[in-house]
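Here the structure is laid out as structure tokens; the discussion comes afterwards.
The values are calculated or read from the model by the stated rules, or taken from the named source; none is laboratory data. Here the structure is a predicted model, which means the values were calculated and not measured. Glycine also receives a Cβ, built like all others from the backbone with ideal geometry; neighbour counts cover every protein chain displayed.
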Amino acid sequence: MPRSLGDRLAVVVAAACGMGVLALATTAAWAAGPSAAERDAVCADAEIRYKETFGKATKDEPVKIVTMYKDVFCPIEITVTQGETVRWVNLDKRTSHSVWFRDSGKEESARLFNAETVEMKFDFPPGEYPYLCGPHWESAGMIGKVTVKGK
Ligand SMILES: [Cu+2]
């Protein structure tokens with residue numbers, strides 16, 4: 001079952017609704033990560049691991065899935081419609097990851113261990129929302145982006 005951040009996330013999401021401007025600090029770290037080809041290879045492995053763990057493909061889940069594997073968010077960019085939910089899933093066996101919309105002034109999620117998940121509903125204004133993995137954004141360039149489109 002997906003693990004929710006509960007009350008804390010609800011507060012965070014509510015706070016985000018009034019926010020239209022993003023800092024761009026995250027963008028500078030984007031280039032520090034692996035190449036597109038390296039990411040593609042990691043993400044292909046992540047998809048195999050996802051099926052082994054959850055018994056279905058990420059595309060067959062009822063919400064959009066972003067996997068966290070070998071210090072990569074797969075896919076690195078995702079587009080959602082306003083109000084849609086995204087579920088992050090850690091597929092690493094020995095490494096914890098987090099989801100942190102730091103540039104948006106939000107709190108970091110809990111550290112997720114193997115097969116743990118966190119969901120976030122994007123009731124945000126349309127725009128681009130870069131985010132980080134707290135433990136790995138700086139050392140490994142573990143960064144992603146959610147683009148929210150209006151309904
Ligand atoms: Cu990480």
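Points to keep in mind about this one:
- Number of positions in segment 66-82 that are touching a Phe, Trp or Tyr at 6+ places or on another chain (Cβ under 9 Å) and more than 16 Å from the ligand (Cβ to nearest atom): 3
- Residue ID - surrounded by the most Cβ atoms within 10 Å (Cβ to Cβ), chosen from residues in segment 59-71 that are out of contact with any Ser or Thr (no Cβ under 6 Å at 6 or more places or on another chain) and part of a strand (DSSP E or B): Met68
- Considering the conditions (1) part of a loop (DSSP other than H, G, I, E, B); (2) at pLDDT below 95; (3) not aromatic (Phe, Trp, Tyr), Lys56 is excluded by exactly one of them, (2).
- Selection count, segment 116-143, where residues are β-branched (Val, Ile, Thr) and more than 16 Å from the ligand (Cβ to nearest atom): 0
- Each residue in segment 98-116 was checked for being outside any loop (DSSP other than H, G, I, E, B) and over 10 Å from the mean Cα position of the chain (by Cα), and 4 of them qualify.
- Pairs, first under 16 Å from Val89 (Cα atoms) in segment 35-53, second among the β-branched types (Val, Ile, Thr), C-beta under 6 Å, six or more apart: Val42/Val72; Ala46/Thr67; Tyr50/Thr58; Tyr50/Thr67
- Test for Val146: is it touching a Pro at 6+ places or on another chain (Cβ under 9 Å), within 22 Å of Ser35 (Cα to Cα) and either more than 12 Å from the ligand (Cβ to nearest atom) or in a strand (DSSP E or B) (or both): yes
- Within this structure, Thr85 passes the test of being without any contact (Cβ under 8 Å) to a residue 40 or more places away in the chain, away from the ligand (no atom under 16 Å from the Cβ) and β-branched (Val, Ile, Thr).
- Here Gly105 fulfils each of the conditions (1) touching a residue at least 24 places away in the same chain (Cβ under 8 Å); (2) surrounded by fewer than 15 Cβ atoms within 10 Å (Cβ to Cβ); (3) within 23 Å of Pro34 (Cβ to Cβ) apart from (3).
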